[in-house]
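Remarks on the structure that follows.
The values are calculated or read from the model by the stated rules, or taken from the named source; none is laboratory data. Worth saying up front: this structure is predicted, and the values here are computed from it rather than measured. Note: ideal-geometry Cβ built from the backbone for every residue, glycine included; neighbour counts use all protein chains shown.
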Ligand code: HEC
Ligand code: HEC
């Protein structure tokens with residue numbers, strides 16, 4: 001009797017787990033489907049940003065920025081450094097406007113990002129708080145290397161050391177011809193992304209200190225029309241004009257810029 005009841009429970013558990021995963025799969029497919037957009041859709045979103053956010057008159061609240069960042073930290077880590085080899089990109093130090101734009105693109109299903117969606121819907125994250133966290137993240141300065149300390153010294157502070165390590169970039173060198181990559185970078189990317197890959201204060205993201213795997217993934221999306229690289233020249237086929245080898249070399253060079 002007990003055994004039978006038990007097996008009914010198991011069966012019930014199994015079928016509901018199965019139907020839940022089917023539902024999750026359906027939802028995922030639906031979201032990917034919705035992520036198809038026209039160039040015009042994207043341009044519309046970009047132009048909407050200025051109407052949605054009044055950056056100039058925003059009264060920055062650091063505590064709210066810090067509080068919201070705890071949510072982001074679930075994936076992007078405490079200091080916005082990202083992780084899992086770029087599955088979660090670095091977001092610390094990105095331009096405020098760029099962060100706002102990308103979050104709105106995610107919200108509007110114009111840039112695919114299923115894991116993040118539920119955390120940034122407007123009812124979860126009102127625009128005022130989104131501005132606070134964008135400014136908060138923009139202000140985080142990550143270190144390029146750990147300071148030299150004597151870990152055997154009596155006053156060595158293990159906790160402080162751990163916190164420092166969490167705010168120190170560790171982007172490995174990517175494979176490729178760095179010298180060749182530097183030439184291409186200087187000629188083709190520097191004018192917008194900056195001499196040291198630092199991005200700008202407006203809406204051009206940094207490339208230095210970003211995970212190579214993540215950058216590759218984004219270039220794939222630009223090539224496949226899932227993202228728009230240059231709204232002023234939407235029909236451009238910028239990345240298609242480079243060979244795989246050239247792109248590899250540029251990314252190899254970029255991976256040296258945070259050292
Ligand atoms: C559940 C995991 C998760 C959480 C929580 C999360 N994100 Fe993300 N986020 C991602 C993933 C995954 C990507 C990369 C998407 C891709 O590969 O294109 C991303 C990308 C981004 C990007 C684009 C970075 C770039 O260089 O283009 C921004 C900006 C961003 N997240 C901001 C935030 C903010 C702000 C929060 C907190 C309010 C947050 N994220 C919370 C998973 C998450
Ligand atoms: C005309 C200015 C311009 C030039 C030149 C340019 N970029 Fe960009 N790039 C941008 C802007 C603006 C964005 C942000 C696009 C957006 O809003 O989604 C961007 C985004 C990117 C991203 C996505 C970064 C992220 O965090 O998601 C990558 C990767 C990238 N560019 C690589 C390159 C490389 C490599 C070159 C040179 C071969 C290059 N770009 C040249 C303006 C430029």
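Anything in region 51-70 that is in a helix (DSSP H, G or I) and surrounded by 11 or more Cβ atoms within 10 Å (Cβ to Cβ)? List them, or say none.
If the condition is that a residue be in a helix (DSSP H, G or I) and surrounded by 11 or more Cβ atoms within 10 Å (Cβ to Cβ), then 52, 62, 64, 65, 66, 67, 68, 69 are the ones that fit.
Conditions tested, residue by residue: (1) without any contact (Cβ under 8 Å) to a residue 24 or more places away in the chain; (2) part of a helix (DSSP H, G or I); (3) away from ligand 2 (no atom under 14 Å from the Cβ).
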position	(1), (2), (3)
75	no, yes, yes
78	no, no, yes
85	no, yes, yes
98	no, yes, no
101	no, yes, no
104	no, yes, no
109	no, no, yes
116	no, yes, no
119	no, yes, yes
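Which of the numbered conditions does residue 65 fail, given that it passes all the others? Conditions: (1) more than 30 Å from residue 143 (Cβ to Cβ); (2) modelled with pLDDT of 90 or more.
It fails just one condition, (1).
Select, from 233, 220, the only residue that is closer than 21 Å to residue 40 by Cα, in a helix (DSSP H, G or I) and modelled with pLDDT under 95.
Sole residue among the options that is closer than 21 Å to residue 40 by Cα, in a helix (DSSP H, G or I) and modelled with pLDDT under 95: 220.
With region 121-216 as the region, which helices (runs of 4 or more DSSP H) entirely inside it contain at least 2 residues that are buried (at least 17 other Cβ atoms within 10 Å of the Cβ) and within 12 Å of ligand 2 (Cβ to nearest atom)?
Once the helices (runs of 4 or more DSSP H) in region 121-216 are filtered for at least 2 residues that are buried (at least 17 other Cβ atoms within 10 Å of the Cβ) and within 12 Å of ligand 2 (Cβ to nearest atom), what remains is 178-188.
Which condition from (1) surrounded by 15 or more Cβ atoms within 10 Å (Cβ to Cβ); (2) within 9 Å of ligand 2 (Cβ to nearest atom) is the one that residue 226 breaks?
(2)
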